[in-house]
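The values are calculated or read from the model by the stated rules, or taken from the named source; none is laboratory data. Predicted model only: the values in this text are computed from it and were never measured. Cβ: placed from backbone, ideal geometry, glycine included. Neighbour counts: every protein chain shown.
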Amino acid sequence: MFLVDDYLDIEDPATKRTWHVPVREITAVDADVSERWMVNARLHPRRFREIVPAPFLEPQLVDDSVVLALCAIRMRHAAPIWAPLNMGPASMNCALRVACRDTRTGTPVVWVANRYTDSVLAPALGKLGFPQVYGGLRDLGGPGRLDLRAGDGLVQVSAAPGGGPSPELFPDAAQLGAFIAAGVRSYGPGSGPGVTLLSIWRSGPTMSSMPATAGRGVCGRPGVIARWMGST
């Protein structure tokens, strides 16, 4: 059991500020989101098990392809539900997701292979019960532009409005939004032989498409090229 006066001290090397984070289990997180990007790519079904080891999950195919997505979220603030929302610093975060179906229930879910953040508080998350999040994400973009690099080379993606290809997987934002909304339950690797479970609930604007998006991306190992991009 944690004592109420237990804290993790984390220093931000950029600002030299020291964050005093209470050692208390994280069961839910509130976030104020300014942008959400989805960069989707086709993956051949035979490669599904390279990424998703959970035996109770099978691929949810779209046009005979597995959908591998990079979900990037730019947050104004994020904090555990037991803390004020504005306590958390602004951050960019991303996750590599694979669309799946739970064979036990028949419901759509996602498998999150990796999570990344540029938040200085990343080292504290795993110690407080949150699924593992890797630090060191580099956000080279800005509002309305996506340009991310992950330290291990697994994520390299950039996108901006104008001059992009026509969508292949989802012809419009409504179909993309419905596809994403159906997979609010996400599974991922556990600290041992098991898996983690995380549910996401959103309020506010729905997904909207850009008139045209130019971009390039490498997600996964070996890499695949993104062919559909959207933002809110």
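See the values below:
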read-out: Identity of the residue in segment 53-87, touching a strand residue (DSSP E or B) at 6+ places or on another chain (Cβ under 7 Å) and part of a loop (DSSP other than H, G, I, E, B), that ends up surrounded by the fewest Cβ atoms within 10 Å (Cβ to Cβ); value: 81
read-out: Any chance residue 10 is over 16 Å from the mean Cα position of the chain (by Cα), not in a strand (DSSP E or B) and not small (Gly, Ala, Ser); value: no
read-out: Test result for residue 98, under 30 Å from residue 160 (Cβ atoms), in contact (Cβ under 8 Å) with a residue 60 or more places away in the chain and assigned to a strand (DSSP E or B); value: no
read-out: Verdict on residue 30 being modelled with pLDDT of 85 or more and either surrounded by fewer than 18 Cβ atoms within 10 Å (Cβ to Cβ) or not basic (Lys, Arg) (or both); value: no
read-out: Residues of segment 78-94 satisfying the condition of being touching a residue at least 40 places away in the same chain (Cβ under 8 Å), more than 15 Å from residue 28 (Cβ to Cβ) and among the aliphatic types (A, V, I, L, M); value: 92
read-out: Filter pass, residue 184 being surrounded by 14 or more Cβ atoms within 10 Å (Cβ to Cβ), aliphatic (A, V, I, L, M), modelled with pLDDT under 80 and under 15 Å from the mean Cα position of the chain (by Cα); value: yes
read-out: Qualifying position, being of a type outside the set (Lys, Arg), in contact with a Leu (Cβ under 9 Å, 6 or more places away or on another chain) and closer than 24 Å to residue 155 by Cα, among 90, 78; value: 78
read-out: Qualifying position, being without any contact (Cβ under 8 Å) to a residue 60 or more places away in the chain and small (Gly, Ala, Ser), among 113, 28; value: 28
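So that you can scan it fast, the table gives a plain yes or no per residue for (1) at pLDDT below 75; (2) part of a strand (DSSP E or B); (3) of a type in the set (Phe, Trp, Tyr):
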| site | (1), (2), (3) |
| --- | --- |
| 89 | no, no, no |
| 109 | no, yes, no |
| 120 | no, no, no |
| 131 | no, no, no |
| 152 | yes, no, no |
